Each structure stands twice: as C-alpha cells, then as structure tokens.
Amino acid sequence: MLEVDHIKPFGIILTEFLAAFAMLDNRLFARELFAIAIKYKPFWDKKNLRALCRRCNWQRVIDEKKRRPSDYEKIETILK
Ligand SMILES: [Zn+2]
C-alpha cells in the first residue's frame, strides 16, 4: 500500500502560508484562509509529492515530529 507524502514537508508549507497571510488571524479568518489555501499553489504542487509505502511514511512522520515539533503544534492548533 502506497501513501502520498510531501517532499517539502507540509508543516513548512503551512508555516510559510500562515506567515504570508499573517494579517489574517487564523481564528477569525479561518474561512477566508481556507479559500486562499485552495488557490495557494505550493499546497497543490504535484512535483512536491512522492509515494511511500506505509511503513516508510510512518517512519517519516515520526522522524519529522521529533525534528520539528513546533510545526505539528501549529497544525493541531489550526485544526481544532
Ligand atoms: Zn518503504
């Protein structure tokens, strides 16, 4: 079974996106940010995707979480 993964980590793309639109408080403008995100090309760049088997993908997530815990905290805050 293959899983699709971002080569440039999603957490970094998201951090850059939020920095670019920092004037929009993500608690107040979640709907607007979502609409912008749909048109924000780095999220949807097919060249930034690769397929990994499930085991490699899990390992990648674990390694990344150890390396950049702050990105995951940001994602979790936004998804709440
Ligand atoms: Zn593998």
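The values are calculated or read from the model by the stated rules, or taken from the named source; none is laboratory data. Since the model is a prediction, treat every value here as computed from it, not as a measurement. We place every Cβ from the backbone using ideal geometry, glycine too, and count neighbours over all the protein chains shown.
Some notes on this structure:
- Looking only at residues of segment 37-58 that are surrounded by 11 or more Cβ atoms within 10 Å (Cβ to Cβ) and more than 16 Å from the ligand (Cβ to nearest atom), we find that the one that is nearest to LEU2 (Cα to Cα) is ASN48.
- Residue count for segment 1-29, restricted to those that are exposed (fewer than 12 other Cβ atoms within 10 Å of the Cβ) and aliphatic (A, V, I, L, M): 8
- Among the helices (runs of 4 or more DSSP H) confined to segment 1-72, the ones with at least 2 residues that are at pLDDT below 90 are located at 10-20, 54-67.
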